[in-house]
Amino acid sequence: MRKLLVVLLSFVLLSSLVAAQPYVTVFEDRISVGQTIAVGNYTITVVQAADGSYYLMLRNGSRILELKPFAFGTEIERDGLRILMGSYTAQGGFIVVSVKPEFVTSLKPEVGAKAVFNGNVVRVIAAGNRTVDVSVNGVARTLEVNGSAIVDLIALEYDGKEIKVYAAEPASETVSMEYSVFYPYGKIRVSGPVDVPITITSASNSELRLPLRVTSMPEGWRASFLYGGIEVEEITLPPKGSVTVSLHIEPAGSGTLRFSIGDLPGSVQIEAAAIGVSIPYLGLDAEAGQKLAVPITFTGSGAVEFQATDVPAGWTMYLTDGQYRLRSFTVSGTFSATLFIEIPRNATLGDHRLSFTINGKEYGLTVHVYKTYLGQPAKLTVILTDGSGNPLKGWVSIGGKNVTTSAVGSVTVELPAGEYRIAAGAPGAVPIEEAVKLGDGEEKTLNIALTKAPYYFEARLKNDVLTVTAGASASTEITITNLGSKEDEYHVTLEGLEPEWSYVISRDPTGATPIGTMKAGPGESASAYLVVIAPFNAVSGDINARLIITGKSTKVEIPVIIKVENPAALSLNADYPALTVKAGGSTATTVWIDSMGTTVTNIKITAQAPSGWEVEAVPSSIPRVGPTRKGNVVVSEGPSQFELRIKVPKSAPAGTYTITVTATGDQAKAETVITVRVTQGSSSAYLGIILLVVVFGIVIWLMRRVGRR
């Protein structure tokens, strides 16, 4: 029945408001005898006549304006106040109290137009040819031309050209004869939390238990009832006594809070104290990449809401107190903050407008960019350091470029603007990757601190070229420096030697104290000697060897050149260096061969003799001559020998001939000459004498004949 009555009364009320300024309902409930409702300067009460009938009384102060029987459908209208009566039951009579709201502002029928007042927000969300859609505190209504709408205490009118906004105050006080509620403030102006004292007085002869409730408040507010500093939801009144409670309100702006004590409603309208904002600049000149600091001073008391609303793409704008970025904060007195504007390095030349709101009010400034770095390459300097800040020479990889730093650990590269991943490292350090963003024409320095690798070392030789004589040794010092963070053990080997060669890693340069491994702690160095021992038959020349040093996770190879000098020489001595043999005969002599110095191996015997002669060395080759090493003992076996056999052809004329004998070994070469005198038989001698006599006779005859002529 009650719902039906409400619908009916609302229909009657709205139908009467179509052609006039809309009325706003400020009270809609039952009222019983002795209860009083205050609307502005007017009070509404229900009184009972002597015959038991009920009347509705409207007063302005002590003056009675209207007194009418309480009957369904009765309407009272006076001075912009309208009262519509419903039925009267045992719980009281139902009334709807409406008032003409006061004009607040007007809006253009354009999307985005809005009005903000007393915590309320009215915004145009859609606009057509004949209708507009308006949101009132999030509740949407459609207005036709010459139409109106009501949302809570706010009324709207649309005449096709503008939207008029009206607002009304709620009924602010209700008093019951059984108990009365008194609070001195109906509308207050605050700058922070506030406690409103409310006195509840009982007119009953028995205890009264009343619930305390906050029925509505704007979003973001907090409120509760306190008694003796304790939050309470119910209060007990002693007979004929009174209790004072506090309504603790923490507002977040302006608005109206509604509450009830028992069955009696109440409300408090709160207006947030305005905050003064002082911005010294309206426009600034700057170059791209610059960071502007604009001081802003806030004065007054209350909450502040900051919001950046219009910022060019790529720009950054924020408010800070020097410690935090601010969005919402409170002010009590004077508060200074800084508005930072970061201009990108690729900003275009010209004016750029930036806007922001403070407590819903829009502010802004213009930045004129007179210099830009748009399209210019960025310059990045990378500095590598160790954990103590000391520079490290290492490498940097970025943007497809691999570069080595200088001795002081720095390198500078030019790159297009963008985001990059940098990889960097150094000997003895763990490689690291970092991200960097470079703007157009930006010059940035990036310091990268590298940590030591657990195991890493460097090794060097005092001399990487060794000169050794066959059968002797040569040495050089090895120094290993541990650049890792943990102790390490090192194994040293030499590769590239022929089988007869040997080497030793020793604590002394003579090789007398061999060692197996070397150890060094973090930052320490260890030294030893590489001793290379050449065999006696080592061939003169260069040997390319490799010294390999292996740690727990690192291996280093160092080239070593071994220059071999073999002073070996051969000597050839024949028992008979001069021989006599008849033509067609044979002869022989023993030739002794020995090494003058070190061992000579693989000796080949050859001979150069006159044509037609047969010369043979037996044996024609000798494996080795000279001293040999057996362990640490050098043994000399003495000279070797071979027989040189010579066969002279029968046709060889008598005379003296030479044979050159050559001994060629791996390490040395020697030659010797054997003289051979060839003789003829006796018949041959006589024949030769006769031939000589004949020859001489012919010569003398020819001389005489020539002389006569």
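The values are calculated or read from the model by the stated rules, or taken from the named source; none is laboratory data. Nothing here was measured: the structure is a model prediction, and the numbers come from that model. Using ideal geometry, Cβ is built from the backbone for each residue, glycine included, and neighbour counts are taken over all protein chains shown.
For segment 258-272, does any single residue satisfy the condition of being in contact with a strand residue (DSSP E or B) (Cβ under 7 Å, 6 or more places away or on another chain) and farther than 28 Å from Asp29 by Cβ? Yes. Among the strands (runs of 3 or more DSSP E) confined to segment 297-373, the ones with at least 3 residues that are surrounded by 14 or more Cβ atoms within 10 Å (Cβ to Cβ) and of a type outside the set (Ser, Thr, Tyr) are located at 328-342, 350-358, 361-371.
Of all residues assigned to segment 357-372, at least one qualifies as being touching a residue at least 24 places away in the same chain (Cβ under 8 Å) and farther than 30 Å from Ser278 by Cβ. Whenever a residue of segment 490-505 is over 15 Å from Ala472 (Cα atoms) and not assigned by TED's automatic domain parsing to the domain that holds Ile480, it has no partner that is of a type in the set (D, E, K, R) and loosely packed, with under 14 Cβ neighbours inside 10 Å lying with C-beta atoms less than 6 angstrom away and at least six residues away or across chains. When the residues of segment 396-409 are narrowed to those that are of a type outside the set (Val, Ile, Thr) and modelled with pLDDT under 90, which ends up nearest to Asn346 (Cα to Cα)? The extreme case among them is Gly399. Segment 99-212 holds strands (runs of 3 or more DSSP E) entirely within its bounds, and those carrying 2 or more residues that are more than 60 Å from the chain's Cα centre (by Cα) and under 26 Å from Arg258 (Cβ atoms) map to 173-175, 179-182, 194-202.
Only one entry of Gly86, Gly93, Gly73 meets the criterion of being farther than 30 Å from Gly253 by Cβ, outside any strand (DSSP E or B) and of a type outside the set (Phe, Trp, Tyr), and that entry is Gly73.
Tallying residues that are farther than 23 Å from Phe457 by Cβ and out of contact with any Ser or Thr (no Cβ under 6 Å at 6 or more places or on another chain) within segment 411-435 yields 13. With respect to Val196, is the statement that it is within 30 Å of Thr45 (Cα to Cα), of a type outside the set (Gly, Ala, Ser), in the same structural domain as Leu247 (by TED's automatic domain parsing) and at pLDDT 85 or above true? Yes, satisfied.
Of all the residues in segment 540-575, those that are farther than 25 Å from Thr481 by Cα and touching a residue at least 24 places away in the same chain (Cβ under 8 Å) number 14.
Right, Val618: at pLDDT below 85, out of contact with any Leu (no Cβ under 6 Å at 6 or more places or on another chain) and loosely packed, with under 13 Cβ neighbours inside 10 Å or not? Criteria not met by Val618. A search for C-beta distances below 8 Å between a residue of segment 260-289 that is acidic (Asp, Glu) and any residue that is at pLDDT 90 or above and in a loop (DSSP other than H, G, I, E, B), counting only pairs 6+ apart in sequence or on different chains, returns Glu287/Ile343; Glu287/Thr372. Entry remark, segment 283-309: residues being aliphatic (A, V, I, L, M) and either at pLDDT below 90 or not assigned by TED's automatic domain parsing to the domain that holds Leu319 (or both) number 2 in total.
Could we say that Val591 is assigned by TED's automatic domain parsing to the domain that holds Gly612, part of a strand (DSSP E or B) and crowded, with 16+ Cβ neighbours inside 10 Å here? When the stated conditions are applied, Val591 passes them.
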